[in-house]
Amino acid sequence: MKKNLGNTPIVTPLPVLIVATYDENGIPNAMNVAWGGQCGYHHVALNLSLNHKTTENLKHTKAFTLSIATTDTLVLSDYFGLVSGCKENKIEKAKVHVSQSGFVNAPIINEYPLTLECKVTEMQEALGGMHVVGEVVNVLADDTVLDGQGKVDFNKLQPISYDSVSRSYRVLGNIVGKAFKDGTNIK
């Protein structure tokens, strides 16, 4: 028997994404975003509140980096979601190392092993927030998360996702099937 649970969406996995931007004075900021993901072959989408420092920074620079939170960066990633960049300099407080992207006007937080460098292609106010679409112009990956063919190995990366039901983080698990292949057994 199934039970009605109401209208709160339960969609999983929700990647834990760290958005890094510069403000109008070139000061880096980072925030944890659970409402985002890939929305096309070369594009990512984020849904942000209008009152975030990151939202203002995006309006100014039209660029951001998007790092994938991992088991190794869980504490840091959670911190980036606990404090407002309007109230303190999170980069300075977290004592992370930042470098300038070679492709967009945005900071790279060196502690993250996988970072997407993005330029804003669309910003639109919607449903009381800001919908942002970014074109990925480069992906920067540490050698430590690459396989023998130079591709990202999720077993090495250990990306985490947000579990909105239990308000916890989960790690992405094992491969359980082959996309665009296993379903051919029904054809």
Starting from residues that are over 15 Å from the mean Cα position of the chain (by Cα) and among the polar types (S, T, N, Q), keep the ones in region 71-108 and report whichever is modelled with the lowest pLDDT.
-> Ser84
Restricted to region 100-122, and to residues that are touching a helix residue (DSSP H, G or I) at 6+ places or on another chain (Cβ under 7 Å) and among the hydrophobic types (A, V, I, L, M, F, W, C), which residue is surrounded by the most Cβ atoms within 10 Å (Cβ to Cβ)?
-> Ala106
Kindly indicate whether any position in region 60-77 is farther than 28 Å from Gln158 by Cβ, among the aliphatic types (A, V, I, L, M) and surrounded by fewer than 22 Cβ atoms within 10 Å (Cβ to Cβ).
-> no
What are the pairs, 6+ residues apart or on separate chains, where a residue within region 168-187 that is under 17 Å from Leu14 (Cα atoms) and in a loop (DSSP other than H, G, I, E, B) has its Cβ under 9 Å from a residue that is at pLDDT 90 or above and among the β-branched types (Val, Ile, Thr)?
-> Leu172/Ile160
State which residue is nearest to the chain's Cα centre (by Cα) when the search covers only region 109-128 and only residues that are of a type in the set (Asp, Glu) and farther than 19 Å from His42 by Cα.
-> Glu111
Residue list for region 41-54, restricted to those being without any contact (Cβ under 8 Å) to a residue 60 or more places away in the chain and within 15 Å of the chain's Cα centre (by Cα) = Thr54
Say we look at region 112-154 and pick out the residues that are part of a strand (DSSP E or B) and polar (S, T, N, Q); which of these is nearest to Lys95 (Cα to Cα)?
-> Thr115
Starting from residues that are assigned to a loop (DSSP other than H, G, I, E, B) and in contact (Cβ under 8 Å) with a residue 40 or more places away in the chain, keep the ones in region 156-167 and report whichever is nearest to Asn32 (Cα to Cα).
-> Ser164
Elements of type helices (runs of 4 or more DSSP H) in region 1-111, at least 1 residues being closer than 19 Å to Val132 by Cα | 53-61, 74-82
Please find, among Glu135, Glu125, the residue that is touching a His at 6+ places or on another chain (Cβ under 9 Å) and surrounded by 11 or more Cβ atoms within 10 Å (Cβ to Cβ).
-> Glu135
Ser77 fails exactly one of (1) among the hydroxyl-bearing types (Ser, Thr, Tyr); (2) within 14 Å of Asn29 (Cβ to Cβ); (3) touching a strand residue (DSSP E or B) at 6+ places or on another chain (Cβ under 7 Å), namely (2)
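The values are calculated or read from the model by the stated rules, or taken from the named source; none is laboratory data. Because the structure is predicted, anything quoted here is derived from the model rather than measured. Neighbour counts run over all protein chains shown; Cβ positions are idealised from the backbone, glycine included.
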